[in-house]
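Trainee: There's a structure below that I have some questions on.
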Amino acid sequence: MILVLNVGNTRTHIGLFTLGHLRHTWKLSTDRRRTADEYAMQIQGLLGDATALEGAILSSVVPRVADSLATAIRSATHIEPMILDPQTEIGIVNGYKNPAEVGMDRLANAVGGNLIHGAPLLMLDVGTAVTLDYIAAPERPGSPPTYLGGAIMPGLEMSVEALARGTAKLPPIDLAEPESVLGRTTVESIRSGLIHGYLGAMTALVDRARDEIGESVRVIATGGDADRFSAQMPFLHGIEPDLALFGLRQIYGINNNCPLDET
């Protein structure tokens, strides 16, 4: 069994792989105040008997939480977790101008996308931040694909919070689906602006990326808000809610002689 953890700004996505298959997944809130002991208790509660655990890999965009979780994994499972960083071998080329700048979650998505769908591929991650990332096909047979970066913008919930915090009269709202583009109340207008605005922004990013690439590259979506928009994005070839988990498991396998495409 291999434990994989992807720590995002809002949620921590955990998966347990057995014999190359994702058997269980869990989502926890990412809490910077939680101690390593508290995380260890949670991990023990999720895993139960961890004696069959062979390894673990951790990716995080929140360094403080990463440190606490790494300590918690050691305490709960007696396993030394592998921590994804810019020096880790990931099986694809990191083509960022400064490879150390790219978020580990984006690289995990790229590896997962290449594993499941192959390259070339665009990946739209709709979460706390919205990212669009591109992996290009190998330049020649037998060579790896290349991650070439993409675009980042604030996510939907972040925009709701910013709108409520930065204005005196606009109320905080829930993100129910708007009934029309032209809202007849302030709440309806905010919902319309956010939902339809984000749909338009993501569609424009994909269209312009395809124009820049020069071909109609396949697009997949992942992230907590992907389902909200999927029905209105006909260009999507699929939704992969566990994309980063598969990417992390593949990275673990590449570095421990047990990649998923060979299990």
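Trainee: Name the residue that is modelled with the lowest pLDDT, counting only residues in the range 69-80 that are farther than 17 Å from Ala244 by Cβ and surrounded by 23 or more Cβ atoms within 10 Å (Cβ to Cβ).
Mentor: As a first pass, look at the range 69-80 and keep what is farther than 17 Å from Ala244 by Cβ: 70-80.
Retained after the next criterion (residues that are surrounded by 23 or more Cβ atoms within 10 Å (Cβ to Cβ)): 72-73, 76.
Working: Ala72: 93, Ile73: 93, Ala76: 89.
Step by step, filter the range 69-80, then rank; the result is Ala76.
Trainee: Could you give every pair whose Cβ atoms fall below 9 Å, whose first residue belongs to the range 116-130 and is closer than 17 Å to Leu248 by Cα, and whose second residue is in a strand (DSSP E or B) and among the polar types (S, T, N, Q), counting only separations of at least 6 or pairs across chains?
Mentor: Met123/Thr131; Met123/Thr222; Asp125/Thr131; Asp125/Thr222
Trainee: Okay, next question. Exactly one condition in (1) surrounded by 13 or more Cβ atoms within 10 Å (Cβ to Cβ); (2) out of contact with any helix residue (DSSP H, G or I) (no Cβ under 6 Å at 6 or more places or on another chain) is false for Thr51; which is it?
Mentor: Going through (1) surrounded by 13 or more Cβ atoms within 10 Å (Cβ to Cβ); (2) out of contact with any helix residue (DSSP H, G or I) (no Cβ under 6 Å at 6 or more places or on another chain) one by one, Thr51 breaks only (1).
Trainee: Let me ask another. If we keep just the residues of the range 21-36 that are surrounded by 16 or more Cβ atoms within 10 Å (Cβ to Cβ) and over 22 Å from Asp125 (Cα atoms), which is modelled with the lowest pLDDT?
Mentor: Arg34
Trainee: Answer yes or no: is there a residue in the range 87-109 that is within 26 Å of Gly20 (Cα to Cα), polar (S, T, N, Q) and either part of a strand (DSSP E or B) or free of Cβ contacts under 8 Å to residues at least 12 places away in the same chain (or both). Spell out the reasoning first.
Mentor: To start, the set of residues in the range 87-109 that are within 26 Å of Gly20 (Cα to Cα) comprises 87-94, 103-109.
Those still in the list that are polar (S, T, N, Q) too: 87-88, 94, 109.
Subsequent filtering for residues that are either part of a strand (DSSP E or B) or free of Cβ contacts under 8 Å to residues at least 12 places away in the same chain (or both) retains 87, 94.
Yes, because at least one residue in the range 87-109 is within 26 Å of Gly20 (Cα to Cα), polar (S, T, N, Q) and either part of a strand (DSSP E or B) or free of Cβ contacts under 8 Å to residues at least 12 places away in the same chain (or both).
Trainee: While we're on this one: So which helices (runs of 4 or more DSSP H) stay within the range 150-263 end to end and still have 3 or more residues that are without any contact (Cβ under 8 Å) to a residue 40 or more places away in the chain, within 24 Å of the chain's Cα centre (by Cα) and surrounded by fewer than 15 Cβ atoms within 10 Å (Cβ to Cβ)?
Mentor: On the way: elements: 156-166, 186-213, 226-230, 243-255.
Correct list: 186-213.
Condition check ((1) at pLDDT below 90; (2) touching a helix residue (DSSP H, G or I) at 6+ places or on another chain (Cβ under 9 Å)) across all residues:
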site	(1), (2)
Thr185	yes, no
Gly214	no, no
Val217	no, yes
Ala231	yes, no
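Trainee: Report, by residue number, each residue of the range 51-77 that is assigned to a loop (DSSP other than H, G, I, E, B) and in contact (Cβ under 8 Å) with a residue 40 or more places away in the chain. Write out each step before concluding.
Mentor: Taking the range 51-77 and keeping what is assigned to a loop (DSSP other than H, G, I, E, B), we get 51-54, 61-62.
Result: Ala52, Leu53, Glu54, Val61, Val62.
The values are calculated or read from the model by the stated rules, or taken from the named source; none is laboratory data. What you see is a predicted model; the values in this text were computed from it and never measured. Backbone-built Cβ (ideal geometry, glycine too); neighbour counts: all protein chains shown.
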